[in-house]
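Right, one structure below, let's go through it.
Rule-based calculations on the coordinates, nothing more; no lab input. Values in this document were obtained by computation on a predicted structure and should not be read as measured data. Glycine also receives a Cβ, built like all others from the backbone with ideal geometry; neighbour counts cover every protein chain displayed.
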Amino acid sequence: MYFSGLLTLDPSQLTQIEIQQPRENFRKLLHALTGGLSSKKEELETFTAVAVLQQINMACQNLGVNNIVRLSKDDLDFYLDTEGKTNDLDDVMERFRLETDRYESELFDKLFLVLEHDEDSIKYLVEIDVNRRHAVGAYPIEIKINGVLSEFKTSGNSSEQVKEKMKRIFSSQEKYDAFLQEKQAIFHQFVNRFEQSLRRSIRVDDIKLKISNKMVRPKKSIQNPKQIPANQGGEPVYYGYPGFADFFFYAWMWSAFAHTSHIHCNNFDLVDEQGTTMMAVGENGFDAGATDTLNPDADFEAPETGDVEFFGGHEFEGDFAQANLDVGGEIPDMGIAEDGGSWFDSIGDSIDFGDFDI
């Protein structure tokens with residue numbers, strides 16, 4: 001089990017954003033991004049996106065989230081932390097400014113920032129997407145927050161200590177429920193504080209928030225963190241950031257423990273090895289040991305009872321078809337579309353940039 005939060009800014013609210021002049025670090029970012037732009041409109045669009053990114057970053061800093069893992073523009077990484085550095089904002093921005101001279105300066109479609117944070121027994125990955133172009137109905141600014149349980153971090157290639165800790169949690173339904181409720185509350189509190197910090201920094205009224213518990217259903221059991229497949233198009237925990245697999249490994253054993261312990265599981269999304277939702281489980285839930293729904297050492301079986309909704313577009317789609325399961329539909333895609341529009345088109349001249357000269 002791991003936790004997932006999604007914060008999105010409604011496009012209709014973007015005209016209400018109070019744009020602030022960039023601070024020193026973001027002036028460097030703005031300078032690097034606007035060096036070769038050909039029109040005032042492109043400069044205005046770029047300035048607005050950088051200013052919004054800065055304000056999101058301020059919201060992170062207010063919570064003590066200041067460890068940058070990755071910074072990229074249009075899928076080109078300008079910074080990827082492979083050494084576990086902390087408090088590295090200044091260094092990242094300076095390096096970004098210097099390295100942009102090596103590439104053709106052009107109007108960006110996407111700015112991408114990833115931060116990590118440790119707090120109250122949970123390891124967080126915060127992924128921030130600022131999209132200049134987006135699909136119709138999608139959101140130009142998305143913030144994905146993943147939380148994994150840091151107490152189950154694997155040391156080296158040995159998983160025995162982690163398994164012993166997990167056995168204690170799964171030893172009874174009461175211990176399992178109490179443990180999960182405690183961790184859920186911690187994650188919810190963090191995401192809610194993040195949302196409030198975001199509201200104070202960006203001052204936009206309509207922020208949509210979705211929080212869910214997610215359980216991985218592997219196709220087969222894995223024995224160590226190195227066997228975790230990476231998916232750079234999925235949620236942050238699946239990207240394969242250096243060292244993060246040690247924190248994420250326990251989640252790949254969770255479904256097996258639930259199955260062998262006959263834990264009654266409810267209120268979660270079951271995802272495949274790529275993080276794609278295959279099944280949503282409601283309040284009633286089901287006994288994980290009654291079928292092979294969560295058993296990674298057997299073919300997938302649908303639960304016999306419970307309020308469950310099935311989806312398509314995942315690695316178990318063939319199993320679903322063979323079982324004649326009623327697939328409710330594809331999980332909505334929140335990505336960028338090449339033929340989408342610019343979210344700045346609706347802003348026009350409504351933003352006051354004061355005396356700042358871009």
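For Arg70, Arg193, Arg217, which order do you get if you count the other beta carbons within 10 Å of each Cβ and list the fewest first? Can you show the working numbers first?
Numbers: Arg70 20, Arg193 14, Arg217 23.
In increasing order of surrounding Cβ atoms, one gets Arg193, Arg70, Arg217.
Near the amide H of Asp88, within less than 5 Å, lie the amide hydrogens of Ile68, all on another chain or at least 5 residues away, with H placed in the peptide plane. Computed from phi, the 3J(HN,Hα) profile of segment 263-280 under the Karplus parametrisation 6.51, -1.76, 1.60 (θ = phi - 60°) reads 6, 7, 10, 8, 6, 8, 9, 8, 10, 7, 5, 9, x, 7, 5, 10, 7, 10 Hz, with x in place of Gly and Pro. Under 17 Å of direct C-alpha separation, and excluding same-chain neighbours fewer than eight residues apart, Lys175 reaches these lysines: Lys163, Lys165, Lys167, Lys183.
How would you rank Val162, Val126, Val191, going from fewest to most other Cβ atoms within 10 Å of each one's own Cβ?
Ordered from fewest to most neighbouring Cβ atoms within 10 Å, Val162, Val126, Val191 come out as Val162, Val191, Val126.
Taking a ≥ b ≥ c as the square roots of the eigenvalues of the alpha carbon gyration tensor, segment 262-308 is oblate, as a/c is not under 1.5 and a/b does not beat b/c. Each Lys or Arg adds one and each Asp or Glu subtracts one; over the other residues with Cβ under 11 Å from the Cβ of Leu294, this totals -3.
Given a cut-off of 14 Å, what percent of all Cα-Cα pairs of segment 247-326 lie beyond it?
Everything past 14 Å amounts to 61 percent.
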